[in-house]
Amino acid sequence: MKLTITTVFLCLVFGFVSSCTHNKSTSTQASNTTDISLQSAFAPHFNIGVAINTQQANGKDRQSVVIINRHFDTLTAENDMKWESIQPSSNNFTFEAADALVNYAKSTNKNIIGHTLVWHQQTPDWVFEDANGNLASRELLLSRMKTHIFALAGRYKDDIKGWDVVNEAFNEDGTLRESKWLQIIGDDFIEKAFEYAHQAAPNAKLYYNDYNLYKAAKMDSVIAMAKGLKAKGIRIDGIGEQGHYGVEPPLKQLELSIQKVAAAGLTMMITELDISVLKFPDENNMGADISLNFVLQDEYNPYANGISQSSYLKLAKAYKDLFRLFLTYRQDIDRVTFWGVSDNDTWRNNWPMNGRTDYPLLFDRDYQAKAFVQDLVALASEYQ
Ligand code: XIL
């Protein structure tokens, strides 16, 4: 906007100073996106995916569906393929929501990523218990793992392109997480999961998925695990870094981790990207441990009535920096998936503190693309 004496006067009078001092590309205002498509812009480079919820998969959330149809070529179920959704009690399989997602993806020609077969979260207690409520034996848990994987990955073996076979099995220091899976089965629970997944869905790509894999200690252990599987002839295709970041994403470390994955002959994916603009309540524990649950405090929820201009600019910069990195490594990166469609339904409004107003995604609460989305699209065209 050109600042004439009249506009300066009007701005001062009406108090719209900030809206008079920045141009469209730095505005927090949404832009008209009818002429852009993320999936088209990034098609030469990598897939652009999104995690969708039940209402989006079954078409009830129509405003989100418009965005999904236009901008994303790959779908992940945000929750509907997790153990608690698929097999809430023993041998009681509930595929309705997952089927809806698969049918939607097939009818719109989108890839499907399965999330997730083996995880310590969102897995009911019964899985780890015997009939008397004691810890299940190794044999019992392995047979449950196999039954579950065959039922789920087997059902969609011709539809699902790739599976997050194991989710979050490592600690930050690279040791194995003390989950019930590890405790009951032992170290080989990861390889068993990959073996069963390959048997159930021989054509599916198989991935290991985790957060904070930009941290060298954690990524080094994951790569060593993957090399170990490969040495035994067990299929593993790639590694997913979830990518739940803040407005200062760890660019340099992430770059090194992408290089390591590529050097190990594995594909890299960013599988759950979102960028919180809110302060993390415990800076020593940043990541994506879903069990974190801090009591709501106003000082941690400053943008309940709208994001500040400076935070918006930080968000835009973080996204642009990350996508410049992803584009630089486009040969090694297969897919970038966002964890949610719009700021309306992002899990980050409720994690790690319930009831906040966060702004981590590309689409705002009015289902409009944020202005910087155009910059991401423009960036994509700078790379051949
Ligand atoms: C989250 C979902 O977005 C929430 O709706 C749910 O309540 C908890 O799980 N890492 C993962 C995802 O691998 O499955 C998690 O998804 C976010 C962290």
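Looking at V295, is it closer than 26 Å to N79 by Cα, surrounded by fewer than 21 Cβ atoms within 10 Å (Cβ to Cβ) and away from the ligand (no atom under 15 Å from the Cβ)? Here the answer is yes, as V295 does meet what is asked. Can you tell me how many residues in segment 326-350 are out of contact with any strand residue (DSSP E or B) (no Cβ under 9 Å at 6 or more places or on another chain), touching a residue at least 40 places away in the same chain (Cβ under 8 Å) and open to solvent by less than 20 Å² (accessible area, probe 1.4 Å)? Summing the residues that are out of contact with any strand residue (DSSP E or B) (no Cβ under 9 Å at 6 or more places or on another chain), touching a residue at least 40 places away in the same chain (Cβ under 8 Å) and open to solvent by less than 20 Å² (accessible area, probe 1.4 Å) in segment 326-350 gives 0. Using the structure shown, decide if Y303 is touching a residue at least 40 places away in the same chain (Cβ under 8 Å), open to solvent by 20 Å² or more (accessible area, probe 1.4 Å) and closer than 27 Å to N284 by Cβ. Yes. Among the residues of segment 340-359, those that are of a type outside the set (S, T, N, Q), under 21 Å from E283 (Cβ atoms) and within 11 Å of the ligand (Cβ to nearest atom) comprise W347, R348, W351, P352. The set of residues from segment 161-178 being out of contact with any helix residue (DSSP H, G or I) (no Cβ under 7 Å at 6 or more places or on another chain) and open to solvent by less than 10 Å² (accessible area, probe 1.4 Å) comprises G162, D164, N167, E168.
For segment 223-267: of the residues being small (G, A, S) and touching a strand residue (DSSP E or B) at 6+ places or on another chain (Cβ under 6 Å), which is most open to solvent (accessible area, probe 1.4 Å)?
Taking segment 223-267 first, the residues small (G, A, S) are 224, 226, 228, 231, 233, 238, 240, 243, 246, 257, 262-265.
Next cut, touching a strand residue (DSSP E or B) at 6+ places or on another chain (Cβ under 6 Å) only: 238, 240, 243, 246.
Values: G238: 0, G240: 1, G243: 1, G246: 21 Å².
Looking at residues that are small (G, A, S) and touching a strand residue (DSSP E or B) at 6+ places or on another chain (Cβ under 6 Å), I get G246.
Tell me, yes or no, whether segment 321-344 has at least one residue that is in a loop (DSSP other than H, G, I, E, B), farther than 24 Å from M268 by Cα and modelled with pLDDT of 95 or more. Yes, because at least one residue in segment 321-344 is in a loop (DSSP other than H, G, I, E, B), farther than 24 Å from M268 by Cα and modelled with pLDDT of 95 or more. Taken as a whole, segment 134-152 holds at least one residue that is acidic (D, E) and over 30 Å from L75 (Cβ atoms). You will find that of H71, H115, the residue that is closer than 19 Å to D274 by Cβ, within 14 Å of the ligand (Cβ to nearest atom), crowded, with 20+ Cβ neighbours inside 10 Å and at pLDDT 95 or above is H115 and no other. If I filter segment 208-220 for residues that are out of contact with any Lys or Arg (no Cβ under 7 Å at 6 or more places or on another chain), farther than 30 Å from E283 by Cβ and open to solvent by 10 Å² or more (accessible area, probe 1.4 Å), do I get at least one hit? Within segment 208-220, none of the residues are out of contact with any Lys or Arg (no Cβ under 7 Å at 6 or more places or on another chain), farther than 30 Å from E283 by Cβ and open to solvent by 10 Å² or more (accessible area, probe 1.4 Å). In segment 280-292, the qualifying residues are those that are assigned to a helix (DSSP H, G or I) and either closer than 24 Å to D366 by Cβ or under 21 Å from the mean Cα position of the chain (by Cα) (or both), and the one that is nearest to the ligand (Cβ to nearest atom) is N285. The condition of being polar (S, T, N, Q), over 16 Å from the mean Cα position of the chain (by Cα) and part of a loop (DSSP other than H, G, I, E, B) holds for only one of N69, N109, that being N109.
The values are calculated or read from the model by the stated rules, or taken from the named source; none is laboratory data. Note that the structure is a prediction, hence the values are computed from the model and not measured. Virtual Cβ from ideal backbone geometry, glycine too; neighbours counted across all protein chains shown. Remember, those area values only see protein heavy atoms, side chains included, never the ligands or the DNA or RNA. Shrake-Rupley method; radii C 1.70, N 1.55, O 1.52, S 1.80 Å.
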